[in-house]
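Novice: Below: one structure in structure tokens.
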Amino acid sequence: MANLRKKVITALKIAFSALLIYLVFTKVDFVEVWGILKSIDPIFLTAALVFFIISKLLSAFRLNLYFHELAIPLSHVSNIKLYLLGMFYNLFLPGGIGGDAYKGYLIKKTFQLKTKKVVSVLLLDRLSGLLLLFVYACILALLLQHQIFVSYRFLVIPLIVLSVLIFWWLNRSFFKFVFPVFWKSTAFSAMVQLAQLVSVWFILLAMGISIETTSYLFVFLISSIVAVLPLTVGGIGSREVTFYYFSIWLGLEQDISITISMVFFLITALTSLMGIVYHFKKPQLHTV
């Protein structure tokens, strides 16, 4: 029964992703999008790929902070292999075991840890990333001249402070077993999201975009928050829809917005594909 439920949910996610992609591409000029893709500067695109990979390495280090706090001295090499495998499962095998679920299963099995603690650190790892996405989005909102941002600009700093305090309180109240690494993990999250912002900035340079860069970066952050919601496969479709409608709202070029989203997805897919090696040869988890 559980397997049937999982298959139904997966099928619905795939169908929803396909529907969103269809809706987006009926509203934009695909010929124009293809033209932008063909004219991309490969040097800047390579730089975007490098910074995305850096962001994922930093993200893996952040997760390993939590593991070490749980008295699991997992080596960075083993952790990176496990992280890549999780990325591959999340994006390319949506019908099978999810990447986070597999990481949790393997850690629990290898180190005989309680399921609750493993799930908790995986959840905190995601929430920490979401917090910094929100913080950076607020910071960029301060620079935007759209009327709604100008009108409510006085709320931005209090929102940043409040979000950090709430996350600090949640960690201190419910996740005391990893609370000592709160600030260090938050610092890693800041570096992770900054590296991804730089990656998208290089995508903009590769496309020859030099105006409204702050707006495009802001939309990217919002789309990343939306993509985390478990409604589609790997955020496919939800990110594109967010880019499309926010570009209309902010007066940006829809074709450019969709192209940014597509290029970022291709970079994500290429990086995630590296994990296929560890699908066929499961990583052995070594300690330091």
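We did not get these values from a lab; they are worked out from the coordinates using the rules stated. Nothing here was measured: the structure is a model prediction, and the numbers come from that model. Note that each Cβ is placed from the backbone with ideal geometry, even for glycine, and that neighbours are counted across all protein chains shown.
Novice: Just the Cα atoms of the chain: what Rg and Dmax do they give in Å?
Specialist: Every Cα atom of the chain included, Rg and Dmax give 19.5, 55 Å.
Novice: Continuing with the same structure: Quote the charge dipole size of the chain about the Cα centre in Debye, to the nearest 20; the model charges only the Cβ of Lys and Arg (+1) and of Asp and Glu (-1).
Specialist: Rounded to the nearest 20 debye, it is 1600 debye.
Novice: Net charge within 9 Å of residue 261 by Cβ-Cβ distance, Lys/Arg positive one each and Asp/Glu negative one each, not counting residue 261 itself?
Specialist: Net local charge, residue 261 excluded: 0.
Novice: Sum up the charges of everything whose Cβ sits under 12 Å from the Cβ of residue 67, counting Lys and Arg as +1 and Asp and Glu as -1, but leave residue 67 out.
Specialist: Its environment carries a net charge of +2.
Novice: Can I ask one more? Between residue 284 and residue 39, what is the label-point separation in nm under the 7 Å Cα-to-beta-carbon projection?
Specialist: 5.3 nm
Novice: Hey, what do the phi angles of the stretch 137-148 turn into as Karplus ³J(HN,Hα) couplings, whole Hz, using 6.51/-1.76/1.60 and θ = phi - 60°, x for Gly and Pro?
Specialist: 4, 5, 4, 5, 4, 5, 8, 7, 9, 4, 4, 5
Novice: Show me 46-55, 163-172 ranked by packing, highest mean number of other Cβ atoms within 10 Å first.
Specialist: Descending packing order for the listed peptides: 46-55, 163-172.
Novice: Starting at the first residue of the stretch 131-136, write each ³J(HN,Hα) from the Karplus equation 6.51 cos²θ - 1.76 cosθ + 1.60 with θ = phi - 60°, in whole Hz, x for Gly and Pro.
Specialist: My calculation for the stretch 131-136 gives 4, 6, 4, 5, 4, 5 Hz in order.
Novice: If you don't mind, another one. Long-range amide H contacts for residue 75: which residues qualify at under 5 Å (H placed 1.01 Å from N, peptide plane, sequence gap of 5 or more or a different chain)?
Specialist: Hits under the 5 Å cutoff: 286, 287, 288.
Novice: Just want the ordering: 119, 135, from fewest to most Cβ atoms lying within 10 Å of their own Cβ.
Specialist: In increasing order of surrounding Cβ atoms, one gets 119, 135.
Novice: Mind ranking 275-282, 197-204 by how tightly packed they are, going by the mean number of other C-beta atoms within 10 angstrom, highest first?
Specialist: 197-204, 275-282
Novice: Along the stretch 54-62, what does the Karplus equation 6.51 cos²θ - 1.76 cosθ + 1.60 (θ = phi - 60°) give for ³J(HN,Hα), rounded to whole Hz, x for Gly and Pro?
Specialist: 4, 4, 6, 5, 4, 5, 5, 5, 4
Novice: Select from 200, 178, 252 the residue farthest towards the positive end of the dipole of the stretch 137-288; place +1 on Cβ of Lys and Arg, -1 on Cβ of Asp and Glu, and compute about the Cα centre.
Specialist: 178
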